1. Could you list, in sequence order, all residues of region B:150-182 that are surrounded by fewer than 19 Cβ atoms within 10 Å (Cβ to Cβ) and over 16 Å from residue B:98 (Cα atoms)?
2. Does region A:27-41 hold any residues that are under 22 Å from the mean Cα position of the chain (by Cα) and more than 7 Å from chain B (Cβ to nearest Cβ), and which are they?
3. Is it the case that some residue within region B:114-123 is in contact (Cβ under 8 Å) with a residue 60 or more places away in the chain and over 23 Å from the mean Cα position of the chain (by Cα)?
4. Testing residue A:207 on (1) more than 10 Å from chain B (Cβ to nearest Cβ); (2) without any contact (Cβ under 8 Å) to a residue 12 or more places away in the chain, one condition comes back false. Which one is that?
5. Do you know which residues across region B:43-93 are within 13 Å of chain A (Cβ to nearest Cβ), at pLDDT 95 or above and out of contact with any helix residue (DSSP H, G or I) (no Cβ under 6 Å at 6 or more places or on another chain)?
6. The conditions are (1) more than 9 Å from chain B (Cβ to nearest Cβ); (2) free of Cβ contacts under 8 Å to residues at least 60 places away in the same chain, and residue A:162 fails exactly one of them. Which is it?
7. With the condition kept exactly as written, say whether any residue in region A:97-113 is over 16 Å from the mean Cα position of the chain (by Cα) and within 24 Å of residue A:254 (Cα to Cα).
8. Name the residue, out of A:103, A:111, that is out of contact with any helix residue (DSSP H, G or I) (no Cβ under 7 Å at 6 or more places or on another chain) and surrounded by fewer than 22 Cβ atoms within 10 Å (Cβ to Cβ).
């Protein structure tokens, strides 16, 4: 486009607006095709019977009836929550402790420690699941079973028993994400002004008091962020059980995303898979709303305290 | 800095405790890597014995040869590289362009559009998985890299990030001056804004690249043919192969992980900084 002197401010403004719409349009076009439409179509598809090839036939609420009468579907929801809890709760506590240690001014080699602790996060989930699949092998030669055998505990069938399956998958989640959360907490801790600690020290506050009265309250938004992302992430667990248990999964280790993936791409029942996706969506939205509610509540009490 | 938060003096219980936590954490972080390396250098029958080996063996090369017999390892690596690089460059371009519009251009409905972008971040990606697959089959993009690359260009977080950076990093006067000189909006973006936001490209680029490189579920769904497998999908195929040769499987995993570790160690600080910035913002 050539610019001529004749253009007054109005057309200039217009041209800027046109350019701006042009610049932001790729996102909205792509999102409409690959985000919004599939989302809406999922709702549509959940009322149809479809094998991916033949024409879709209307199926009413039967898909929902089917998954809600399938004990494995309930297991998948329960597993998702149990593994999520086992994997994320200790993870958040441990990463906070490590971040606190990393933030200490006493230590040397801070960057070396930080790098090492962060290293698992760059590993792909597939690789993590393969490595831990051998660590938690059912046979006596697996690392976990070998260590247990030193204490005279017999080989555990990690890939087949109720709690061991969940523990093994939760360990994969834990190992990969601790470093990431540590870095987030550390960044949060470093953004707390040092003067606060100095003032507290002058007032004679002990370290535990500093931790309780300064570090934790100031970290609240970061903690909320970490809890939120960890919750959403664990609801989407899929790769670990697939690699660890194979594409049949097992009732002990199947997750919701695994359930819907298996329905769609192993059994070719896209209708029930969509119904499962809708249920997952409802769960995620409810938890998100809960989280937003809690954080706005906390934010409000904090503000009222300050004023 | 001389201020101290935890403990005082040259040696203290607290200092000791801090080191115990850090050394313990580092060892737990490192052990699986070491374990993977050992197994990648051992024969399957050594791995299957009790006690299992804890020192490196001599079969590093042999195991990797078995990997390349089973999967097209370098082909998969190239596919991963191609897909990750395409999405990274495409995302950086589109996100910075949109971020520039939101940061420096005036247009109607700006806040509404920006709000919409933030809302899309809330939508769980699995919800649309099946219809997405349907769209890809309709487009005839099954086993085609476009199936990964085109949807991969959607990045609400990237637009948000770029808007923040351009808001803070590019002064209004410079944009105005360029406008008075008669530059079109795209020229301003290309010649003025882009050179000023290169650091943001580096940080966002690292995040995007790593995400795409490690992505698994979507490539698994749309890349069925082994010739188009990305590294993660190929590793899964290796893990599922009939003969449970752990030495071979670990070798494939090891060599798939090593390049990323090198890249990480090279850009270590930038990497950690970009991730923590992303969260704190």
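The values are calculated or read from the model by the stated rules, or taken from the named source; none is laboratory data. On a predicted model such as this, the values are computed, not experimentally measured, just so you know. Heads up, the Cβs are rebuilt from the backbone with ideal geometry, glycines too, and the neighbour counts pull from every protein chain shown.
1. B:171, B:172, B:173, B:174, B:176, B:177, B:178, B:179, B:180, B:181, B:182
2. Once the filter is applied, which keeps residues that are under 22 Å from the mean Cα position of the chain (by Cα) and more than 7 Å from chain B (Cβ to nearest Cβ), region A:27-41 yields only A:36.
3. Checked against the condition, which is being in contact (Cβ under 8 Å) with a residue 60 or more places away in the chain and over 23 Å from the mean Cα position of the chain (by Cα), region B:114-123 yields no hits at all.
4. Of everything listed in (1) more than 10 Å from chain B (Cβ to nearest Cβ); (2) without any contact (Cβ under 8 Å) to a residue 12 or more places away in the chain, residue A:207 misses just condition (1).
5. Residues satisfying the conditions are B:90, B:93.
6. Failing condition for residue A:162: (2).
7. No, every residue in region A:97-113 fails to be over 16 Å from the mean Cα position of the chain (by Cα) and within 24 Å of residue A:254 (Cα to Cα).
8. A:111
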